[in-house]
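For reference, the structure discussed in these notes is given below.
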Amino acid sequence: MMNRLLSTLMAMIGLSIIGIAQDKQTIFDALHSPEILEVNIETDLSNLIDNRKKDEYQYAIFSFENAAGELEQHDMKLKPRGKFRRNICDFPPIKLNFSKDRLMERNYIAEYDKLKLVTHCIDDKYASKENVAREYLAYRLYNLISDKSYRVQLVRINYIDSKDRVSRIKRYGFILEDTDEMAHRAGGKECEACINVPANELSLNDEHTMAVFQYMIGNADYNTGMMRNVKMVRPYTGTGVIPVPYDFDFAGFVNPSYAIPNSDYGLVSVKQRVFLGNKVDSAVLSSTLQHFLDQRSAMEETIDDFKLLDRQNRTEITRYLDTFFKEAEQILSGSPMRETLQQQALKAPGKGTSEVRR
């Protein structure tokens, strides 16, 4: 009874936020554009770079030109974020923390005030642009596969040192929407306590779609049970916790120089694929693969239109995905040759799945 009351209350809160959202937009909505957005970040760059291993906020000014063509400036806080990248990158990934009061003054929805900025990581201009562009493109492809995914905005950032000790840095990056905003669009609320959720409490279709996508892009750097590079969304109503992936930089699709293959699964290259989702029956696998094949043209068109990557890069990643699509077609055609995905994803007849694969 108590659980039912809590679910009802959560649904009512969600619906009330929907009512607010009809009249207002979020700061991410204001940033979101099909074009590359120019933004300025003015802060103490020396402190940000030299102390990137510290989890401390510092003052910054974030500015961009909004849809009305007006320069919009925000006093805010930022800090280094992440684990691996913060330790190995020349420039750390960043969490942007906007002032709720300032957002309300500008008529934005104040609840969604924290955005992640994926930065250039390494100093090399060409390699850093390529890495950022490929990972951004992975998010865009997942948007085509599932609406329960992070929206992203590609940006060209002017980093300005407020102390005049570091020369201006101009690099590409991309911004992820606030996790609470993503969860709300997915029909629920982030569940930070959803570690080791039993498989029968996960949304079967969403978990399997995510796992097949991770297989497609060659990403073994995630763990649903331990919520590694996966956010969990508990629906306002109904059942089935929804896993939403993020951080694709170790995927074969991105293939940055610093990526390390996951030796836990016997991988010797990040371009190798391994299926890490829960096992399903053949009907679920077939339905999911058909969905991916239905979106194949849209994915290939998105890649081909993405001119921030040169033709060689676009051709390379299209060919990489083509090996997945050929495998999917073989499985759907009923070929007697069992494909790797087929062997790893299908459960034995009559067997159920009671826990998340780790």
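The values are calculated or read from the model by the stated rules, or taken from the named source; none is laboratory data. In this text the structure is predicted, and so the values were computed from the model without any measurement. As a convention, Cβ positions derive from the backbone with ideal geometry for all residues, glycine included, and neighbour counts pool all protein chains shown. Keep in mind that these areas ignore ligands, DNA and RNA; they rest on the heavy atoms of the full protein, side chains included. Shrake-Rupley method; radii C 1.70, N 1.55, O 1.52, S 1.80 Å.
If you go through segment 163-176 and keep only what is touching a His at 6+ places or on another chain (Cβ under 8 Å) and touching a residue at least 60 places away in the same chain (Cβ under 8 Å), you end up with Arg171, Tyr172. Keeping to segment 115-159, report how many residues are open to solvent by less than 10 Å² (accessible area, probe 1.4 Å), part of a helix (DSSP H, G or I), touching a residue at least 60 places away in the same chain (Cβ under 8 Å) and of a type in the set (S, T, N, Q). The number of residues fulfilling the criteria is 0. Considered as a group, the residues in segment 1-48 that are of a type in the set (Val, Ile, Thr) and modelled with pLDDT under 95 include one that is least open to solvent (accessible area, probe 1.4 Å), and that residue is Ile17. For Phe250, indicate whether it is open to solvent by less than 40 Å² (accessible area, probe 1.4 Å) and farther than 23 Å from Pro93 by Cβ. Answer is no for this residue. In this structure, Glu327 qualifies as of a type in the set (Asp, Glu), at pLDDT 95 or above and surrounded by 17 or more Cβ atoms within 10 Å (Cβ to Cβ). Scanning segment 267-290 turns up one or more residues that are under 20 Å from the mean Cα position of the chain (by Cα), farther than 21 Å from Arg140 by Cβ and among the aromatic types (Phe, Trp, Tyr). Based on what the data block shows, is Phe275 closer than 21 Å to Arg151 by Cβ and open to solvent by less than 10 Å² (accessible area, probe 1.4 Å)? Against the criterion (closer than 21 Å to Arg151 by Cβ and open to solvent by less than 10 Å² (accessible area, probe 1.4 Å)), Phe275 does not qualify.
Quick check on my filter: what residues within segment 191-218 are free of Cβ contacts under 8 Å to residues at least 60 places away in the same chain, surrounded by 19 or more Cβ atoms within 10 Å (Cβ to Cβ) and not small (Gly, Ala, Ser)? Listed by number, the list holds a single entry, Cys194.
Can you tell me which residues in segment 61-106 are among the basic types (Lys, Arg) and either open to solvent by 70 Å² or more (accessible area, probe 1.4 Å) or in contact with a Phe, Trp or Tyr (Cβ under 6 Å, 6 or more places away or on another chain) (or both)?
Of segment 61-106, the ones among the basic types (Lys, Arg) are 77, 79, 81, 83, 85-86, 95, 100, 102, 106.
Across segment 61-106, the qualifying residues are Lys77, Lys79, Lys83, Lys100, Arg106.
Would you confirm, using the coordinates I've provided, whether Glu177 is of a type in the set (D, E, K, R), farther than 30 Å from Thr340 by Cβ, at pLDDT 95 or above and crowded, with 20+ Cβ neighbours inside 10 Å? When the stated conditions are applied, Glu177 passes them.
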